[in-house]
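Just so it is clear, none of the values below were taken in a lab; they were calculated from the coordinates. Please read all numbers here as calculations on a predicted model, not as lab measurements. Note that each Cβ is placed from the backbone with ideal geometry, even for glycine, and that neighbours are counted across all protein chains shown.
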Amino acid sequence: MNTVIFRTAAPLIVATMLVFSVYVCLRGHNEPGGGFIGGLIAAASIAVFGMASGVPAVRRALKVDPLAIAGFGVLLAGFSGLLSLFIEAPFMTSIWLYLDLGETVVPFSTPMFFDIGVYFVVFGTLSAIALALESDREEDL
């Protein structure tokens, strides 16, 4: 699909999907959503960008190999579980930190960092698959 309309609309579609994926990821530990579905939405946006602009443009835009992003996600998710060992609690026990920022209290938690790690794993893995499939398709044409 290489129409002018699609190439013109794709950046807006991709930006909207990426913002929505971050929103779904960050609300996931309190409401439905989370890292998995957020990563799926983000990977779908990369697939849309790849169909509109081609694989080389997507790889230049990402600047990092998608599998490296997935590896970082595995490390982040694993590290969020290991933090509980420092307070002598079982593996993957939730730890909450409340930061006072003026009149607002911002909660940080290990489940949030686990969700972000899952987000990166799903995003990196599915992006690598989508880019590999799209590059194979381009070679066939």
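Check whether at least one residue in region 66-78 is under 26 Å from PHE20 (Cβ atoms), of a type in the set (Gly, Ala, Ser) and over 17 Å from the mean Cα position of the chain (by Cα), and report yes or no. Checked against the condition, which is being under 26 Å from PHE20 (Cβ atoms), of a type in the set (Gly, Ala, Ser) and over 17 Å from the mean Cα position of the chain (by Cα), region 66-78 yields no hits at all. Considering GLY39, GLY54, the condition of being within 21 Å of ASP115 (Cβ to Cβ) and either touching a His at 6+ places or on another chain (Cβ under 7 Å) or among the small types (Gly, Ala, Ser) (or both) is satisfied by GLY39 alone. The set of residues in region 12-29 being surrounded by 13 or more Cβ atoms within 10 Å (Cβ to Cβ) and hydroxyl-bearing (Ser, Thr, Tyr) consists of SER21, TYR23. Looking across region 23-43 at every residue that is aliphatic (A, V, I, L, M) and in contact (Cβ under 8 Å) with a residue 40 or more places away in the chain, the one that is nearest to ALA128 (Cα to Cα) is identified as ALA43.
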